[in-house]
Amino acid sequence: MKKLWIFAALAVCACGGSGKKPMETPKDQLVHRLFTYAENGQIVYGHQDDLAYGHAWCVTDWENDPLERSDVKAVTGKYPAMVGFDLGGIELGADANLDGVPFGLIRKASLKHMERGGMVTFSWHPRNPLTGGDAWDISSALVVKSVLPGGEKNAEFRVWLQRAADFIESLGDVAVIFRPWHENTGSWFWWGEKLCSTRDYQELFRMTWLYFVKERGLTNILWCYSPGGDAGPQRSMDRYPGDEFVDILAVDTYEFVGGGSVEEARVRYQEELKSALTFLTAAGMEHQKLIALSETGLEGIPDLTWWTRTLYPAIKDYPISYVLTWRNAWDKPGHFYAPWDGFEGAADFKAFSELDSIVFLD
Ligand code: BMA
């Protein structure tokens, strides 16, 4: 089974049958790198916003800051191998994203992280182009329709795409992962399941891809499609935009304790995760794509052995290329998904970082 994955990776790099050594693009290299980890049973660890801020600290003077601080590094001695950033707000031409992180900082941190040997992934929580609200404004089910060709917001939305593409282009000749229109099987974003038809969702994804790749020539992006982990194969793949538009098949799945116990939450999460990753593994094989756990975590990590007893056992048997835990908000003390220096569950995270099969940046 795994062999096929390697063939898929090599197929991406092969161009022409002349026997001449093909030129590897940055995208080929990143695809190959991620396939190789998966093939070797290794999983890359990623953390959202890692170099921009952490629990109770924040980079302020980013232009002069060496961007060496990281909650993950403070605990493990190593940077996460992947860092995620969000482009929400770029569409308006704003200086900073929806969480107040300057785009200049995001650019500098992304380049620095890649220079150090790391990888970068971008999510995008754009505003609601029809109502003027945020990404979570689900007051209208006409939003996706309105941005598609022929829709009243199409022209405006193309400017939004242009600004997002400008940002990615400004990084230069490097490959990054881009994961737009995520968690589309839920109905909490304006592009969610109950807010648009299957066809319109697919058109939105394809239109984004077509603009970036065909109109702008941005060919170094790995496109990630990431429905919610609880949706199951049918609903997840129903809205799949198609093989041409996707490089990584992923899911977002969180653990929630709610009113119950941590033990119960662990069992629920592990069951959900394993069933999502079983489906994802099969889908990855079928479509010859990389697979990933693009967002996960337990807010505030009340389970002090979450990394080695909850997350690791649930992911270790699946060929996912990476797992990314969400952000450690500097201004919301309980909103963190990775340990920080002084957090009582830090030792377990350090043990996780020392596992041979989990990739950090040494
Ligand atoms: C959510 C929360 C929000 C944040 C958003 C985008 O999951 O972390 O506070 O604004 O992601 O980063």
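Which of the following residues is of a type in the set (D, E, K, R) and crowded, with 22+ Cβ neighbours inside 10 Å: Asp65, Asp95, Asp71? Before the answer, list the steps.
Working: Asp65 fails: crowded, with 22+ Cβ neighbours inside 10 Å; Asp95 fails: crowded, with 22+ Cβ neighbours inside 10 Å.
Of Asp65, Asp95, Asp71, the one residue that is of a type in the set (D, E, K, R) and crowded, with 22+ Cβ neighbours inside 10 Å is Asp71.
Is it the case that region 322-334 has a residue that's charged (D, E, K, R), surrounded by fewer than 23 Cβ atoms within 10 Å (Cβ to Cβ) and modelled with pLDDT of 95 or more?
Step one: list which residues in region 322-334 are charged (D, E, K, R), which gives 327, 331-332.
Pick out the ones that are also surrounded by fewer than 23 Cβ atoms within 10 Å (Cβ to Cβ) and you get 331-332.
From what is left, the residues that are modelled with pLDDT of 95 or more are 331-332.
Yes; the residues of region 322-334 include at least one that is charged (D, E, K, R), surrounded by fewer than 23 Cβ atoms within 10 Å (Cβ to Cβ) and modelled with pLDDT of 95 or more.
For every residue, the table says whether it meets (1) out of contact with any Pro (no Cβ under 9 Å at 6 or more places or on another chain); (2) surrounded by 18 or more Cβ atoms within 10 Å (Cβ to Cβ); (3) part of a helix (DSSP H, G or I).
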{"residue": "Pro241", "(1), (2), (3)": "yes, yes, no"}
{"residue": "Val251", "(1), (2), (3)": "no, yes, no"}
{"residue": "Gly259", "(1), (2), (3)": "yes, no, no"}
{"residue": "Tyr269", "(1), (2), (3)": "yes, yes, yes"}
{"residue": "Gly297", "(1), (2), (3)": "yes, yes, no"}
Would you check which residues across region 301-354 are free of Cβ contacts under 8 Å to residues at least 60 places away in the same chain, β-branched (Val, Ile, Thr) and either outside any loop (DSSP other than H, G, I, E, B) or touching a strand residue (DSSP E or B) at 6+ places or on another chain (Cβ under 6 Å) (or both) and list them? Thr308, Thr310
Cβ-Cβ under 9 Å, sequence separation 6+ or interchain: first residue in region 80-103 and under 9 Å from Pro126 (Cα atoms), partner within 9 Å of the ligand (Cβ to nearest atom) and small (Gly, Ala, Ser). Which pairs? Leu87/Ser123; Gly88/Ser123; Gly88/Ala135; Leu98/Gly88; Leu98/Ala135
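Do you know which residues across region 98-110 are surrounded by fewer than 22 Cβ atoms within 10 Å (Cβ to Cβ) and under 17 Å from the mean Cα position of the chain (by Cα)? Spell out how you get there, then give the answer.
Pass one, region 98-110, residues surrounded by fewer than 22 Cβ atoms within 10 Å (Cβ to Cβ): 98-100, 102-104, 107-108.
If the condition is that a residue be surrounded by fewer than 22 Cβ atoms within 10 Å (Cβ to Cβ) and under 17 Å from the mean Cα position of the chain (by Cα), then Leu98, Asp99, Arg107 are the ones that fit.
Can you give me the ranges of the helices (runs of 4 or more DSSP H) entirely in region 68-175 with at least 1 residues that are small (Gly, Ala, Ser) and within 16 Å of the ligand (Cβ to nearest atom)? Walk me through how you get there before you give the answer.
Details: elements: 71-76, 103-115, 143-147, 154-169.
Helices (runs of 4 or more DSSP H) meeting the threshold: 103-115, 154-169.
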Would you confirm, using the coordinates I've provided, whether Gly217 is loosely packed, with under 15 Cβ neighbours inside 10 Å, within 18 Å of Asp247 (Cα to Cα) and of a type outside the set (A, V, I, L, M, F, W, C)? yes
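Can you tell me which residue in region 47-67 is farthest from the ligand (Cβ to nearest atom), limited to those that are of a type in the set (Gly, Ala, Ser) and over 30 Å from Val159 (Cα atoms)?
For region 47-67, the residue satisfying everything is Ala56.
Would you confirm, using the coordinates I've provided, whether Phe189 is over 20 Å from Ala94 (Cα atoms) and either out of contact with any helix residue (DSSP H, G or I) (no Cβ under 7 Å at 6 or more places or on another chain) or not in a helix (DSSP H, G or I) (or both)?
yes
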When every residue in region 335-347 that is within 29 Å of Asn40 (Cβ to Cβ) and surrounded by 21 or more Cβ atoms within 10 Å (Cβ to Cβ) is compared, the one nearest to the ligand (Cβ to nearest atom) is Tyr337
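The values are calculated or read from the model by the stated rules, or taken from the named source; none is laboratory data. All values derive from a computational prediction rather than experimental measurement. Glycine also receives a Cβ, built like all others from the backbone with ideal geometry; neighbour counts cover every protein chain displayed.
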